1. Give the residues of the stretch 40-50 that are free of Cβ contacts under 8 Å to residues at least 24 places away in the same chain and either within 12 Å of residue 100 (Cα to Cα) or in a loop (DSSP other than H, G, I, E, B) (or both), sorted by residue number.
């Protein structure tokens, strides 16, 4: 219960950051973002294309704004992932990672995959 309340408090904080924080998005570079995603080991928990794993949330096609994403990476919920301070990952690098994650197309629906269409 306490973990749920903490998660809710953190989520509300990120919504506030999104609504009142950084008003202008930084231009992100998809290729640089992919390289940074790999170099910093993000794929180890979030999967090679941000699809999510048992260790990390799905990031591809995130609904977070860029400011919300940066806020989350800077101050994640306790014990969920390491904090990436600006000295480790500047805002521009996070904007690049965000651009990469937003560039990944959504997965096909099960009905559009022949092997799964009969399920």
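Values in this text are rule-based calculations from the coordinates and carry no lab data. Predicted, not measured: the structure shown is a model, and the values here were computed from it. Please note: Cβ atoms are built from the backbone with ideal geometry, for glycine as well, and neighbour counts cover all protein chains shown.
1. If the condition is that a residue be free of Cβ contacts under 8 Å to residues at least 24 places away in the same chain and either within 12 Å of residue 100 (Cα to Cα) or in a loop (DSSP other than H, G, I, E, B) (or both), then 41, 47, 48 are the ones that fit.
A quick yes/no check of all residues on (1) outside any loop (DSSP other than H, G, I, E, B); (2) in contact with a helix residue (DSSP H, G or I) (Cβ under 8 Å, 6 or more places away or on another chain); (3) within 20 Å of residue 25 (Cβ to Cβ):
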{"site": "54", "(1), (2), (3)": "no, no, no"}
{"site": "58", "(1), (2), (3)": "no, yes, no"}
{"site": "64", "(1), (2), (3)": "no, yes, yes"}
{"site": "67", "(1), (2), (3)": "yes, yes, yes"}
{"site": "73", "(1), (2), (3)": "yes, yes, yes"}
{"site": "83", "(1), (2), (3)": "no, yes, no"}
{"site": "88", "(1), (2), (3)": "no, no, no"}
{"site": "98", "(1), (2), (3)": "yes, yes, yes"}
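To keep it simple, each residue is scored yes or no on (1) free of Cβ contacts under 8 Å to residues at least 40 places away in the same chain; (2) surrounded by 11 or more Cβ atoms within 10 Å (Cβ to Cβ); (3) within 13 Å of the chain's Cα centre (by Cα).
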| position | (1), (2), (3) |
| --- | --- |
| 38 | yes, yes, no |
| 75 | no, yes, yes |
| 104 | no, yes, yes |
| 109 | yes, no, no |
